[in-house]
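Trainee: Dropping the structure in here first, questions after.
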Amino acid sequence: MSKDIQGTTVVVTGGASGIGLAIADAFLQHGAHRLILLDLNAQQADQAAATLNAKHGNKATFILCDVTKDLDNVTKVIIDTYKTVDVLVNSAGIVNERNPRKVIEINLTAVIEWSLKYLEIMRTDRGGKGGTIINISSIYGFMVDPYLPTYKASKFGVIGFTKSKGHEYNFKKTGVRLLAICPGVTKTNLLADYKNFEEKENQEDFVATFDSFPWAEVTRVGQTVVEVFGKADSGTAWVIQGDEPVFDA
Ligand SMILES: NC(=O)c1ccc[n+]([C@@H]2O[C@H](COP(=O)([O-])OP(=O)(O)OC[C@H]3O[C@@H](n4cnc5c(N)ncnc54)[C@H](O)[C@@H]3O)[C@@H](O)[C@H]2O)c1
């Protein structure tokens, strides 16, 4: 399957920085017509949209959005303004082992709710045009070590949901692909404070483990998501780690 990005309208949650922004940049570079960044960090998002517009022409907009609260009102604005969405990228995410409820709400519940809402809009058996939903999981969505257990629970959940809802059985009815992306450690704001992620008793071993992983440049992740978009079947999960070749996990 080779999917064309040319002319598409793309919505990216958590699009103000890091992986979401790199994916937005890569989609514009490959011909997306309209890029809608959603984020709760207004300052960073404004700057991100301005950078994308300077680079690619005036194709990016920013809408202030908390993914745990604003699904219905923001989606209404998007559909009223742009009529259709071809690609939804769920990239908003946090690490916070001290606040498990918040991690699950942002990293998992919101991903499920946004996927279900856009699936309804896109599905060809209910009058939509079809489309693709890309959910950002992690290598911590399938791999196990002793660290970041709540973050892992959220990312395992994203893979379970995406593979099940995106199963070929469902895809044949809806015409909407669901793909999971599993980045390895990637240089973004999310990891700026990684040395303090774990409880004190685990901290040293955790930092040594993280330091031993191959780190990826965020632009590589953005470009590779475009590559995956062009070829992936619905219900698949793709690992992007360091500069190793991407593979279907
Ligand atoms: N950086 C990594 O090593 C890595 C690895 C695997 C997966 N991921 C995942 O990639 C995704 C993007 O993370 P990143 O590394 O680019 O981090 P990042 O902090 O640069 O980007 C995350 C963005 O999400 C936004 N956000 C957070 N909560 C939000 C909310 N409630 N509503 C709207 N926006 C919200 C933030 O403001 C930020 O702009 C996350 O889901 C993260 O778990 C990151």
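Trainee: Please find, among A110, A92, the residue that is closer than 19 Å to V176 by Cα and aliphatic (A, V, I, L, M).
Mentor: A110
Trainee: If the requirement is being among the hydroxyl-bearing types (S, T, Y) and away from the ligand (no atom under 14 Å from the Cβ), which of these qualifies: T51, T124, T109?
Mentor: Criteria check complete, one pass: T124.
Trainee: Here are some residues: I79, I63. Which one is over 26 Å from E168 (Cβ atoms), within 16 Å of the ligand (Cβ to nearest atom) and either without any contact (Cβ under 8 Å) to a residue 60 or more places away in the chain or of a type outside the set (V, I, T) (or both)?
Mentor: Checking each option against the conditions leaves just I63.
Trainee: Could you tell me which of the residues V95, V87 is surrounded by 22 or more Cβ atoms within 10 Å (Cβ to Cβ) and either touching a strand residue (DSSP E or B) at 6+ places or on another chain (Cβ under 8 Å) or not polar (S, T, N, Q) (or both)?
Mentor: Going through V95, V87 in turn, just one is surrounded by 22 or more Cβ atoms within 10 Å (Cβ to Cβ) and either touching a strand residue (DSSP E or B) at 6+ places or on another chain (Cβ under 8 Å) or not polar (S, T, N, Q) (or both): V87.
Trainee: Of the residues K155, K129, which single one is in contact with a Ser or Thr (Cβ under 9 Å, 6 or more places away or on another chain), buried (at least 16 other Cβ atoms within 10 Å of the Cβ) and among the charged types (D, E, K, R)?
Mentor: K155
Trainee: Could you check region 1-20 and list, in sequence order, the residues that are more than 16 Å from the ligand (Cβ to nearest atom) and either not in a strand (DSSP E or B) or not hydroxyl-bearing (S, T, Y) (or both)?
Mentor: Of everything in region 1-20, those that are more than 16 Å from the ligand (Cβ to nearest atom) and either not in a strand (DSSP E or B) or not hydroxyl-bearing (S, T, Y) (or both) turn out to be M1, S2, K3, D4, I5, Q6, G7, T8.
Trainee: Right, something else. Do the conditions hold for Y118, that is, is it under 26 Å from E227 (Cβ atoms) and near the ligand (Cβ under 9 Å from one of its atoms)?
Mentor: No; evaluated as a whole, the condition is false for this residue.
Trainee: Somewhere in region 156-176, is a residue hydroxyl-bearing (S, T, Y), closer than 20 Å to F27 by Cβ, near the ligand (Cβ under 9 Å from one of its atoms) and in contact with a helix residue (DSSP H, G or I) (Cβ under 9 Å, 6 or more places away or on another chain)?
Mentor: no
Trainee: Additional query: Does region 33-62 hold any residues that are buried (at least 19 other Cβ atoms within 10 Å of the Cβ) and of a type in the set (A, V, I, L, M), and which are they?
Mentor: Matches in region 33-62: L35, I36, L37, L38, A45, A48, A49, L52, A60.
Trainee: Between I79, I104, which is at pLDDT 95 or above, among the β-branched types (V, I, T), part of a helix (DSSP H, G or I) and within 30 Å of T124 (Cα to Cα)?
Mentor: The unique qualifying residue is I79.
Trainee: If you scan region 21-39, which residues turn out to be closer than 16 Å to I78 by Cβ and either in a loop (DSSP other than H, G, I, E, B) or in contact with a Gly (Cβ under 7 Å, 6 or more places away or on another chain) (or both)?
Mentor: A24, A32, H33, L37, L38, D39
Trainee: Just to confirm my filter: which helices (runs of 4 or more DSSP H) fall fully inside region 121-213 and include at least 1 residues that are basic (K, R) and out of contact with any Lys or Arg (no Cβ under 8 Å at 6 or more places or on another chain)?
Mentor: Those helices (runs of 4 or more DSSP H) span 149-165, 168-174.
The values are calculated or read from the model by the stated rules, or taken from the named source; none is laboratory data. Keep in mind that what you see is a predicted model, and the values were worked out from it rather than measured. So basically every Cβ, Gly included, is an ideal-geometry build from the backbone, and we count neighbours across all protein chains shown.
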